[in-house]
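Colleague: Please find one structure pasted underneath; my questions will follow.
The values are calculated or read from the model by the stated rules, or taken from the named source; none is laboratory data. Just so you know, these numbers come straight off a predicted model, no measurement behind them. Using ideal geometry, Cβ is built from the backbone for each residue, glycine included, and neighbour counts are taken over all protein chains shown. In case anyone asks, the SASA skips ligands and DNA or RNA and just uses the protein heavy atoms, side chains included. Shrake-Rupley method; radii C 1.70, N 1.55, O 1.52, S 1.80 Å.
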Amino acid sequence: MLRPIEIHRYLVCTQLLLALLVSACSPPPRVAVVERQTVDQRIETEKIGGSHIRIVEPGDTLHGIAFANGLNVNELAAWNQLGDTSRLQIGQRVRLTRPINFVDNAEQKPIGAKAEPTKISKTRIATSKPVARKQATPPKTSTKSQATPPAAEKAKLRWQWPANGKVISSFARNVGRQGIDIQGKAGEAVLAAGAGEVVYVGNGLKGYGNLVIIKHDEEFLSAYAHNQETFVQEGQRVAARVRIASIGRNKQQREALHFQIRKNGQPVNPLSYLPAR
């Protein structure tokens with residue numbers, strides 16, 4: 001027979017056991033669920049830069065960066081809110097892709113702007129009589145195609161050969177040959193292929209050695225690579241056939257000039273623009 005003290009202990013233990021069982025079976029307290037906002041992956045990439053940002057290094061210019069990445073310098077400048085001749089700071093971040101929702105200044109229109117109403121002639125309102133019109137003279141038709149062929153562009157810019165040697169490597173963009181190599185002798189003159197402004201002089205672009213880039217207009221650049229010496233400075237204007245550098249050795253260690261023509265940042269075949277010889 002149990003003593004009173006043992007009965008008391010038994011009752012206490014039973015109550016504790018029941019309390020534990022009840023707490024184990026009861027549902028856990030509710031936690032407020034915060035819904036995660038979905039973010040477009042491209043926007044995230046834009047925020048962190050991804051692989052579309054160029055960190056400016058010593059010797060970099062906007063024209064040089066555009067040339068190295070096959071971009072139109074005007075678009076690159078607009079994407080970064082810079083002028084095409086802006087001086088870059090070492091460590092500056094230059095984006096190489098068109099920003100999301102980017103609108104060029106030329107395309108922007110004031111929000112809520114209304115179209116101007118068509119003006120109606122007072123004379124025409126005052127009279128109901130039809131006004132005699134002269135028959136419109138048909139526009140003169142041209143035998144030339146509307147699209148500007150390379151031959152016409154060549155005449156416009158008066159392209160000239162930058163060196164006198166023979167072509168030893170032809171243009172083949174699909175295999176990475178973005179220009180032509182013209183054979184010569186070390187120290188021979190490299191000439192400007194057309195009039196324009198020197199926008200890059202340096203050796204900061206990998207694979208080009210001592211490089212000179214000339215901007216001819218808003219569409220065309222010409223580039224002269226692997227020079228032994230250069231004789232012009234950035235910002236200098238040059239005429240066609242002016243000596244700008246001297247021939248050095250190309251990537252194959254041959255004495256030759258590597259020459260490119262870029263249209264809107266993209267390499268084109270120089271032989272389609274240079275005069276026949």
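Colleague: Identify, from the list Ser222, Ser246, the residue that is open to solvent by less than 10 Å² (accessible area, probe 1.4 Å) and within 20 Å of Asp60 (Cα to Cα).
Modeller: Within the list Ser222, Ser246, the selection yields Ser222.
Colleague: Continuing with this model, one more query. Is it the case that some residue within segment 256-267 is exposed (fewer than 15 other Cβ atoms within 10 Å of the Cβ), within 21 Å of the chain's Cα centre (by Cα) and of a type outside the set (A, V, I, L, M)?
Modeller: yes
Colleague: Would you mind telling me which numbered condition in (1) surrounded by fewer than 14 Cβ atoms within 10 Å (Cβ to Cβ); (2) modelled with pLDDT of 60 or more Asp84 fails?
Modeller: Failing condition for Asp84: (1).
Colleague: Now a separate question. As an exercise: evaluate Asn174 against (1) surrounded by 14 or more Cβ atoms within 10 Å (Cβ to Cβ); (2) at pLDDT below 95; (3) not hydrophobic (A, V, I, L, M, F, W, C) and give the number of the one condition it does not meet.
Modeller: (1)
Colleague: Scan Ala163, Ala152 and give me the residue that is under 27 Å from Ala239 (Cβ atoms), open to solvent by less than 50 Å² (accessible area, probe 1.4 Å) and either modelled with pLDDT under 75 or touching a helix residue (DSSP H, G or I) at 6+ places or on another chain (Cβ under 7 Å) (or both).
Modeller: Ala152
Colleague: Tell me which strands (runs of 3 or more DSSP E) are completely within segment 196-243 and hold 2 or more residues being touching a helix residue (DSSP H, G or I) at 6+ places or on another chain (Cβ under 8 Å), or say none if there are none.
Modeller: Filter on segment 196-243 gives 196-202, 211-215, 220-225.
Colleague: Taking the criterion of being in contact with a Lys or Arg (Cβ under 6 Å, 6 or more places away or on another chain) and farther than 23 Å from Leu71 by Cβ, would at least one residue in segment 199-216 satisfy it?
Modeller: Looking through segment 199-216, none of the residues is in contact with a Lys or Arg (Cβ under 6 Å, 6 or more places away or on another chain) and farther than 23 Å from Leu71 by Cβ.
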